[in-house]
1. Right, N239: crowded, with 18+ Cβ neighbours inside 10 Å, more than 24 Å from K299 (Cβ to Cβ) and touching an Asp or Glu at 6+ places or on another chain (Cβ under 8 Å) or not?
2. Could you say whether any residue in segment 286-306 is touching a helix residue (DSSP H, G or I) at 6+ places or on another chain (Cβ under 8 Å), among the β-branched types (V, I, T) and assigned to a loop (DSSP other than H, G, I, E, B)?
3. Of S42, S26, S17, which residue is loosely packed, with under 14 Cβ neighbours inside 10 Å and of a type in the set (G, A, S)?
4. Looking at (1) closer than 24 Å to K226 by Cβ; (2) in contact with an Asp or Glu (Cβ under 8 Å, 6 or more places away or on another chain); (3) modelled with pLDDT of 95 or more, which one does D138 not meet, given that it meets all the others?
5. Among what's in segment 109-129 and is within 18 Å of L180 (Cα to Cα) and surrounded by 16 or more Cβ atoms within 10 Å (Cβ to Cβ), pick the residue that is farthest from the chain's Cα centre (by Cα).
6. If D195 meets every condition in (1) at pLDDT below 95; (2) closer than 16 Å to L232 by Cβ apart from one, which number is that one?
7. So, in segment 138-165, of the ones that are closer than 19 Å to T95 by Cβ and among the β-branched types (V, I, T), which residue ends up surrounded by the most Cβ atoms within 10 Å (Cβ to Cβ)?
8. (1) over 30 Å from K106 (Cβ atoms); (2) surrounded by 17 or more Cβ atoms within 10 Å (Cβ to Cβ); (3) in contact with a strand residue (DSSP E or B) (Cβ under 8 Å, 6 or more places away or on another chain): which one isn't true of I220, the others all being true?
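The values are calculated or read from the model by the stated rules, or taken from the named source; none is laboratory data. Everything numeric here is computed off the predicted structure, so don't read it as measured data. Using ideal geometry, Cβ is built from the backbone for each residue, glycine included, and neighbour counts are taken over all protein chains shown.
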Amino acid sequence: MDDKSTLKTILQKMDRSNSFEDIIRSDLTKFSKQRLVSLEISSLELEKLPDGIFDQFDELNKLYLINNSLTTLPEGIFSKLSNLESLDMSDNEITTLPDAIFNNLKNLKELDMEGNKLSKLPQSINLLSNLESLDLSDNEISTIDDATFQGLSNLLTLDLDNNKIIEISKNAFSSLISLLTINLHQNLLREIYSDMFTALKNLETISLSKNNLKTIPGDIFEGLDKLEYIGLGGNEITNLPDQLFFNLKGIKTLSLSYNRIEELHDDIFRENTELTRIDLNENKLHDLPKSIKQLKNLKVLNVLGNPFSKDLADDLYGINEIKEYLNNL
């Protein structure tokens, strides 16, 4: 039986035979020499999948199980899919996954579990040594320990946006030596440690915005020479260490808005000559650091909602070009 006929039979057993034509016509379902290489089974209100459902599709390269009502999956459901490179289970109701569920997915590069109800990850996620993109946003993860991402040395993008993360262990990211982007936006973090990101020498983008951070260690970004974007907006920060951005010569965007920052050291941006945008709106600043004048590439300086002195506020109001202001600072 060819893959198309097998798929039709499976859908009949699942009482979804009326969806066969839609699945076949989907842009995400593809065949190569009558073998299924990409399959979309999305938006079918599926609450469970039978074990062995994908066993015959051993040439499958991409699998989309988006927007169903799945709460978990059988442990061996992907056991025959050793060629799978992309797996999307986003927008389901998944609360738990068997620890061994990813055991045989040695070639997986993209894993999307956004929009579920996961509070922890299966142990076998550590076996995905070729994984490059991991989306865990919009889940219910509360802690990240040293073992959570161990072994993911090829990971490039990690998205943990909008979880319930309150604690991250000191060495949680130590294996992620290839990481370019980490998103911890909108969690419940109250504290971050000095060397939490030390291993991430290739990191270009980091977002810690919309947490509950009050202080930032002065050496938190030390050694992260490739950083281009730092997001710290929407926290409870009152003060930034003088040396926080030292040696970040490639940084282009700093988001510091919606905090409680009262003062910035005059030299805080001294070495950040590539900066093109700084967001400082809705803080408690009375003045701006003199090092801003050195930022010849700055295009956007957002400072609305600060209690500046009248003279400074008048100078800032209605500025058309940032360079005009910098030259008169």
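1. It is false that N239 is crowded, with 18+ Cβ neighbours inside 10 Å, more than 24 Å from K299 (Cβ to Cβ) and touching an Asp or Glu at 6+ places or on another chain (Cβ under 8 Å).
2. yes
3. After ruling out the rest, the residue left standing is S17.
4. Here D138 meets the rest and fails (1).
5. Going through the qualifying residues, I end up with L128.
6. With respect to (1) at pLDDT below 95; (2) closer than 16 Å to L232 by Cβ, D195 is out only on (2).
7. Among those residues, the one meeting the criterion is I144.
8. Condition not satisfied by I220: (3).
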